[in-house]
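The values are calculated or read from the model by the stated rules, or taken from the named source; none is laboratory data. Computed from a predicted model, the values in this text were never measured in an experiment. FYI the Cβ positions are ideal-geometry reconstructions off the backbone, even for glycines, and counts take in every protein chain you see.
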Amino acid sequence: MKYASEALMREHESVLVGLEILEEFVKTMKNTGSADRDDADGIIRYIQLFADKCHHGKEEGLLFPAMERAGIPNEGGPIGQMLREHAEGRQCIAEMVASTAGGVVDTGRFASAAESYISLIRAHTEKENTVLFPLGDSKIPEWKNQRLLERFAEFEAQVIGEGIHEEMNKLFNSIRARYMK
């Protein structure tokens, strides 16, 4: 890979599939009037660990600071907007978590938070892929991109830990098989 953004765009592909699964889960929930608590928890866990902690963690801790150092503004600029959207996504996640408290899924509350999250993250991903990442690619030198890619791997090892990707893939695939027909 030439650019650090390429690794993040590949992760976007997984996140978007995760959103499709979440969308199908919500449709099933609305059709049946109930939700499988384990699947709801699994989807939330995937979003929290992969989409937020791993993916957004790399952006916030590594890529965005490199973009700022390259002259792309945070305050009043595209980085600041992406950070606001990350925070908004975390609010949606917190609402999904709260909707599963007490052992039963509050389907209306979960669906509302999930639909907001899906809409937000789809638009967010499009903006990063088509605006922010190309801008960063044009400003950050190739050697710095290579260092960012190395730091992404270090970040995953330190922050996410061993075996989490495999666990997330297994969880992702099992939920996907139940909801993606």
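Okay, here's what the table says:
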| item | result |
| --- | --- |
| Enumeration of residues in the range 98-118 that are buried (at least 16 other Cβ atoms within 10 Å of the Cβ) and part of a helix (DSSP H, G or I) | Ser99, Thr107, Phe110, Ala111, Ser112, Ala113, Ala114, Ser116, Tyr117, Ile118 |
| Single match in Lys27, Lys53 (criterion: in a helix (DSSP H, G or I) and at pLDDT below 95) | Lys53 |
| Residues of the range 116-126 satisfying the condition of being more than 17 Å from Lys58 (Cα to Cα) and either in contact with a Cys (Cβ under 9 Å, 6 or more places away or on another chain) or in contact (Cβ under 8 Å) with a residue 40 or more places away in the chain (or both) | Ser116, Tyr117, Ile118, Leu120, Arg122 |
| Which listed residue, of Ala123, Ala111, is modelled with pLDDT of 95 or more, within 14 Å of the chain's Cα centre (by Cα) and of a type outside the set (D, E, K, R) | Ala123 |
| Test: Lys53 is among the basic types (Lys, Arg), crowded, with 19+ Cβ neighbours inside 10 Å, within 30 Å of Arg178 (Cβ to Cβ) and touching a residue at least 24 places away in the same chain (Cβ under 8 Å) | no |
| Looking only at the range 133-174, and only at residues there that are in contact with a Leu (Cβ under 9 Å, 6 or more places away or on another chain) and modelled with pLDDT of 90 or more, the one that is farthest from Arg45 (Cα to Cα) | Ile140 |
| Members of the range 24-37 that are within 24 Å of Lys53 (Cβ to Cβ) and either in contact with a Pro (Cβ under 6 Å, 6 or more places away or on another chain) or surrounded by fewer than 17 Cβ atoms within 10 Å (Cβ to Cβ) (or both) | Glu24, Arg37 |
| Any pair with Cβ under 9 angstrom, 6 or more apart, that starts in the range 65-90 at a residue that is in contact (Cβ under 8 Å) with a residue 12 or more places away in the chain and under 16 Å from Lys139 (Cβ atoms) and ends at one that is aromatic (Phe, Trp, Tyr) and crowded, with 16+ Cβ neighbours inside 10 Å | Ile72/Phe64; Ile79/Phe64; Met82/Phe64 |
